[in-house]
Amino acid sequence: MNYSGLLRAAKTLIIIFLVAFISDARAQKLYQISLNDFKIDTQGIHVTVSEIIDGRKDKNSLGIIHTGLNNKRNFAVFEKPGLSEIEELLKQSGLYSQHNGLSLRITALKISESAMSWKETAKAELNIDFFIRHDGLYYYVNSVFASAEPKALDVTGQQAENIVDVIGKALTIFSKQKNEVNTARAFTRDELQDPSVSLRDPLSMPIMKDKNFKEGYYATFEEFVNNDPSIDIDCKIKFSSPVKTICGDEVTEVPTLFGFSHENKLYILYHHQFFELERKNDTFFFDANPKFSKDSADDLATASAFASMFESQRGNYSAIYMLDIKTGTVKGITGF
């Protein structure tokens, strides 16, 4: 090869390298989320917050979102570092009290999206541990998991609102439930910043101990772990935003619907579809193959109809997900 041929080859390689580099850089561009323009709806919330402790395993990313016409996957992050966005949100919502509020420990905060040809759904998941601080020590009160699953033509722009929504839901759930201070053990701030410190004990959960599962829909994650569904199994489900249950003539919004139990099998709601949970050791897994669930998000069906779909469509495996029973959040273990 002569000199001009080598030069052309070198230029070609440089162009290929630059195209690959630019494409990769664009693919890795972070999607920033700001909560500056939002306030929490405080109706039903009867608590204030004095501090937020970051106990998350992943402090660098909020999850994966899809951008552009090609639904390119990008990492989502807060515009401000750490959990400053949430602290500012609480302040501008009138829920912050420096000396008289509760201490919140956020152990999981995650957003995700599902982009298909006929719909897009978003999901935000949040787990909070609540503490009372006294003399520099933290006394455990309770834990709450909350989620939101809206659908739209383009759900990415709704993710900031989804985060605000789940924070409001968590504070509302805490305000409504019976809460007692556990004085048996006090924690230091350093301990609570350690993600390995969990306040939920899977071995004590009825869902992990009971051999028989009560029939019905779980309105919340807490109902799931306690094997205590509150919605009749014969009710129909409408995958609207939020999800609704139709029990005879009564239509009820259930924005925190977690899943259901039918014929001693467990199912989880994930991106407006139900998937069967399979327990392996002390963990639940599920295969998020869309073929396992309903094709139309607006169709109505009962638990028995959902369950029958699984029996006729086993064998196609795609993306395996794990349910973190300590936080209620879902994690993909076969990639994004």
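Sort out for me the Cα centre separation of region 127-158 from region 78-101, rounded to whole Å. Centre-to-centre (Cα) distance: 13 Å. Taking the Cα centre of region 45-130 as reference, the dipole from Cβ charges on Lys and Arg (+1) and Asp and Glu (-1) amounts to some 300 debye.
Calculate the dipole size of region 108-172 relative to its Cα centre from +1 charges on Lys and Arg beta carbons and -1 charges on Asp and Glu beta carbons; express the result in debye to the nearest 20. Please list the in-between numbers first.
Values: 6 positive and 9 negative charges, 19 e Å.
Result for region 108-172 is approximately 100 debye, rounded to the nearest 20.
Shape call for region 194-247 from the C-alpha gyration tensor, a ≥ b ≥ c root eigenvalues: rounded (a/c under 1.5), prolate (a/b greater than b/c) or oblate? In terms of gyration-tensor shape, oblate. Simple spin-label estimate for residue 59 and residue 247 gives 4.4 nm between the two label positions (7 Å along the Cα-to-Cβ direction from each Cα). For a straight C-alpha distance cut-off of 28 angstrom, the lysines reachable from residue 59 (same-chain residues fewer than eight places away being disregarded) are 29, 39, 72, 80, 91, 110, 123, 151, 169, 280, 326, 331. Over region 103-197, the hull volume per residue, using the convex hull of the C-alpha atoms, is 104 Å³. Averaging sequence separations of C-alpha pairs under 8 Å and six or more residues apart, then dividing by the length of region 80-176, give the relative contact order as a whole percent. Once normalised by length, the contact order is 23 percent. All alpha carbon pair distances within region 31-99 were sorted into 5 Å bins beginning at 0; the resulting P(r) in whole percents reads 3, 15, 20, 20, 17, 13, 7, 4, 1, 0.
Would you kindly derive the ³J(HN,Hα) couplings of region 220-237 from the backbone phi angles with the Karplus curve 6.51 cos²θ - 1.76 cosθ + 1.60 (θ = phi - 60°), listing them in order in whole Hz, with x for Gly and Pro? Here the 3J(HN,Hα) series is 9, 5, 5, 5, 5, 5, 8, 6, 9, x, 10, 10, 4, 5, 8, 5, 9, 10 Hz. Each of 322, 208 has its accessible area taken with a 1.4 Å probe; listed largest first, they run 322, 208.
The values are calculated or read from the model by the stated rules, or taken from the named source; none is laboratory data. Predicted, not measured: the structure shown is a model, and the values here were computed from it. A quick note on method: Cβ atoms are made from the backbone with ideal geometry, for glycine too, and the neighbour counts reach across all protein chains shown. Only protein heavy atoms, including side chains, enter the accessible area calculation; ligands, DNA and RNA are left aside. Shrake-Rupley method; radii C 1.70, N 1.55, O 1.52, S 1.80 Å.
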